[in-house]
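To start, the structure under review is shown below, and the notes come after it.
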Amino acid sequence: MIKKLSLTLLFFSLPFAIFSHPHVKITSNIAFEYNGRECTGCTIEWMFDRYFSASIISGFDKNKDGKFDEKEIKTIEAKAFSNLKNYGYFVFLRKGAERKNPLKVNSFRARIKNGILFYSFFIPFEEGKYDDDFYVAVFDRSFYCATEYAKDAVKIIQKSGSSPKFKISANKKYPVYYNPAGASDDMTIYKKWKPGLETAYPEEVHVKFE
């Protein structure tokens with residue numbers, strides 16, 4: 001089990017370009033928080049596959065009580081989550097043709113349910129930046145992680161007024177270009193293809209007021 005955990009932690013520290021096919025499966029839920037027509041951010045929850053779940057649970061549930069206490073959650077955040085900042089937390093935000101990775105997240109939590117590992121974290125949005133019409137995608141461009149959306153993956157939390165509509169579809173107009181030979185901290189967002197880059201078409205959540 002120690003060897004398995006070591007390999008798991010390598011996932012968070014080595015350049016993802018060295019991997020050629022998915023090793024971890026992530027299923028995402030996204031909850032958008034609105035105050036009127038302003039989206040203040042979103043909470044993303046990941047559900048991991050059983051094998052990856054077992055490695056993290058066995059390594060960090062120190063008292064083996066089947067749940068994470070606050071100290072264990074902080075350790076998980078430091079040793080098995082924070083480095084994902086170098087990969088944009090696998091999240092792409094798009095407004096028109098402009099695509100960005102979030103620079104920070106907060107409110108990280110980890111939990112166990114029926115032997116399955118869940119992470120959740122909140123992405124605060126720039127004021128007025130992602131309101132009426134924007135896109136969010138959860139996607140690992142290294143393909144170490146296979147990503148998908150859960151059934152009924154999107155939730156709108158509205159404090160006042162009507163809620164926007166949303167749909168999930170593959171992005172064919174604005175693909176993701178990435179450098180498979182790039183360094184582990186290379187988070188360049190390429191707007192055009194050039195030799196050496198690969199092309200991917202992530203599924204995006206499109207949120208829009210009608």
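The values are calculated or read from the model by the stated rules, or taken from the named source; none is laboratory data. Quantities reported herein were computed from a predicted structural model and do not represent experimental measurements. No Cβ is skipped: glycine too gets one built from the backbone with ideal geometry, and neighbour counts run over all protein chains shown.
Assorted remarks:
- Applying the criterion of being among the small types (Gly, Ala, Ser) and crowded, with 18+ Cβ neighbours inside 10 Å to the residues of region 8-65, the residue that is modelled with the lowest pLDDT is 17.
- Yes/no for residue 119 being at pLDDT 90 or above, closer than 21 Å to residue 76 by Cα and not aliphatic (A, V, I, L, M): yes
- Candidate set from region 106-141 (those that are among the basic types (Lys, Arg) and not in a loop (DSSP other than H, G, I, E, B)); member that is nearest to the chain's Cα centre (by Cα): 109
- Some residue of region 168-186 being in contact (Cβ under 8 Å) with a residue 40 or more places away in the chain and not in a loop (DSSP other than H, G, I, E, B): yes
- Considered as a group, the residues in region 70-119 that are surrounded by 16 or more Cβ atoms within 10 Å (Cβ to Cβ) and of a type in the set (Gly, Ala, Ser) include one that is nearest to residue 147 (Cα to Cα), and that residue is 88.
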